[in-house]
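Read the structure below first, then the notes.
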Amino acid sequence: MGRGIATLENLVNDPAQIGLDDPFAGGWHKRRVLITGHTGFKGAWLTLWLAELGAEITGISLPGSVSEPNLYELASLYGSCRDLRLDINDVESLVTAVREARPEVIIHLAAQSLVRRGYANPSNTYLTNVMGTMNILQALRGVDSVEAVLIVTSDKCYRRGEEEDHFFSEDDPLGGSDPYSASKAAAEMVVSGVKGLAGLPPIATARSGNVIGGGDWGEDRLISDLARALVDEEGAVIRRPTDVRPWQHALDCLGGYLLLMHRLSSEPGVAGPFNFGPDGVEDMTVGELADQFVAKAGGKPWRDASVNQASAPQEAPWLRLSNRRACERLGWAPVLDTATAVDWSAEWHCRMISGEQPGQLCQEFISRYVTAARQTGVAWAA
């Protein structure tokens, strides 16, 4: 498990100490990176961070915003990358885009990422998450510039058991009891099934916890509901307040992606699935997270809608990840404890609502995160 997590008590937030620097020792400078799903929540943060590190970025996303408002647009990231809008299931356009970009690293984030939307439209969920992954892998065959590929799946790709105290590890069986979860397990199997094909570079997969942070306005997501409630007359409606999830800040998750791809480019032997999640001692329910967000940001108390869930699509009441493999093999560790991740999310949204520029806020929080990583002694930031 990770060590030296920055807590609310010991995290230094002195603006005088904030200065964006490069914990990867220039390893991303001038590197050609292709990001699918670059206009999504994690994609926008990743695009900004890589741009600050000097990468040459090509982004592929569906036409139009994935949420309203949208962090990619509010942070004015259009000038940070070559911005392509196409469907990853348009194979001909995708192949052309990959060949023209000649990327050295590919990070595949594009997905249908919502459990309840998966129930509503299972065929599109499987098409995007399974065939979309296959299309990406097919498009890069024979593109000799590619050194490493990351396929981002989900912490929900594991076959559920009955033990609530179980921490899923990368060796646990894959499965899924709903279309979204099953599609992510299938995407993992697609990757596993093509690794021996000629013409493919080293490929790794990442299974992340429930990512939170500033700028998340996605549909049907907890932080986005809480953030919208800050300007509404009523508190957020919480569907499943007793559920437990592996909450983590987006920067902890993305730092893991960058570290893994930095290593995989020169060390093909590190390829394989990796969990990126918080340390397991920090269980926080949905309701507890909402309580802390409201206490930090203000606004009206959230409303419990769990009494209306009898006929709702079923979701797992608990989910925990083991991050041991990433800690031991990569030198990764979570930097922010869960309480700090929630407070940073609330602070970001409060400051944005008060008029601060979203892109500048993201730059400040990245700088603060790198500073915190060094203070806590995380190996990759040293």
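The values are calculated or read from the model by the stated rules, or taken from the named source; none is laboratory data. Everything numeric in this text was worked out from a predicted model, so none of it was measured. Note: ideal-geometry Cβ built from the backbone for every residue, glycine included; neighbour counts use all protein chains shown. Surface areas here come from the heavy atoms of the whole protein model, side chains and all, with no ligands, DNA or RNA. Shrake-Rupley method; radii C 1.70, N 1.55, O 1.52, S 1.80 Å.
So the values come out like this:
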{"quantity": "Directionally averaged shadow of the stretch 232-306, computed from the convex hull of its alpha-carbon atoms, nm²", "calculated": "6.8"}
{"quantity": "Beta bridges per DSSP with both ends in the stretch 144-297, % antiparallel, nearest 5", "calculated": "20"}
{"quantity": "Expected 222 nm ellipticity per residue - DSSP helices of 4 or more, -39500 (n - 2.57), all of the chain, to 500", "calculated": "-10500 deg cm²/dmol"}
{"quantity": "Relative contact order %, the chain, counting alpha carbon pairs below 8 Å whose residues are six or more apart", "calculated": "23"}
{"quantity": "Mean projected area in nm² (Cα convex hull; one quarter of hull surface) for the stretch 159-283", "calculated": "9.8"}
{"quantity": "Under 12 Å, Cβ to Cβ, from GLY175 - net charge with Lys/Arg +1 and Asp/Glu -1", "calculated": "+1"}
{"quantity": "Solvent-accessible area, 1.4 Å probe, carbon plus sulfur percent, for the chain", "calculated": "49"}
{"quantity": "Segments 261-274, 367-380 sorted - mean Cβ within 10 Å per residue, highest first", "calculated": "367-380, 261-274"}
{"quantity": "Which label in (i) 29, 63, 8; (ii) 28, 58, 14, 0; (iii) 31, 59, 10, 0 gives the computed P(r) over Cα pairs in 20 Å bins from 0, in percent", "calculated": "(i)"}
{"quantity": "Peptide ranges 171-177, 99-105, 341-347 listed from the most packed, as the mean C-beta count within 10 angstrom indicates", "calculated": "341-347, 99-105, 171-177"}
{"quantity": "Under 15 Å from the Cα of LYS30 - aspartates and glutamates, other chains or at least 8 residues apart", "calculated": "ASP22, GLU52, GLU56, GLU104, GLU147"}
{"quantity": "Contact order relative to length of the stretch 100-256, as percent, for alpha carbon pairs under 8 angstrom and 6 or more apart", "calculated": "24"}
{"quantity": "Average accessible area per residue (Å²) across the chain - probe 1.4 Å, nucleic acids and ligands excluded", "calculated": "40"}
{"quantity": "Ranked packing of 249-259, 198-208, most packed first, by mean Cβ within 10 Å", "calculated": "249-259, 198-208"}
